[in-house]
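Asker: Below you will find the structure I want to go over with you.
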Amino acid sequence: MVFGICPQGTDFESLDGFPTPLFFLIASVSGQAHLRMTAKAMLLLRVPGMKAALVYAQQKEAIMQLLMKSQADLSMRLWQLMEVPRNGKESRQR
């Protein structure tokens, strides 16, 4: 995956009319891997403040730090959602 930033944005005649500042180039050997990487990128971009933080980051190290922290936070939230209660049985609400 390659990530690019154009702070002023590039006009792609998007549906919302706004220029596009963030770009992802995804290359993979399978459609499934491509979809997983796309989904992961989109989930990271849904983190509040992430888009602006990436657009205005000044150095690649800051970008990597943002992405790694968000990835860790996202993984933790997903793990918590999938967590099974300690008795090994799924709880059912009535």
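Asker: Answer yes if at least one residue in region 64-74 is part of a helix (DSSP H, G or I) and more than 17 Å from the chain's Cα centre (by Cα), and no otherwise. If you could, list the steps in order and put the result at the bottom.
Answerer: Just the residues of region 64-74 that are part of a helix (DSSP H, G or I), to begin with: 64-74.
Filter once more, keeping what is more than 17 Å from the chain's Cα centre (by Cα): none.
No, region 64-74 has no match at all.
Asker: Would you check which residues across region 22-51 are exposed (fewer than 13 other Cβ atoms within 10 Å of the Cβ) and over 22 Å from Lys69 (Cβ atoms) and list them? Even if it seems obvious, please write down each step before you answer.
Answerer: Residues of region 22-51 exposed (fewer than 13 other Cβ atoms within 10 Å of the Cβ): 23, 25, 27, 29-33, 35, 39, 42, 46, 48-49.
Selection gives Leu25, Ala27, Val29, Ser30, Gly31, Gln32, Ala33, Leu35.
Any read-out appearing in this document is the output of simple, stated calculations on the displayed coordinates, not a laboratory observation. What you are looking at is a predicted structure, and each value in this text was computed from that prediction instead of being measured. Note: ideal-geometry Cβ built from the backbone for every residue, glycine included; neighbour counts use all protein chains shown.
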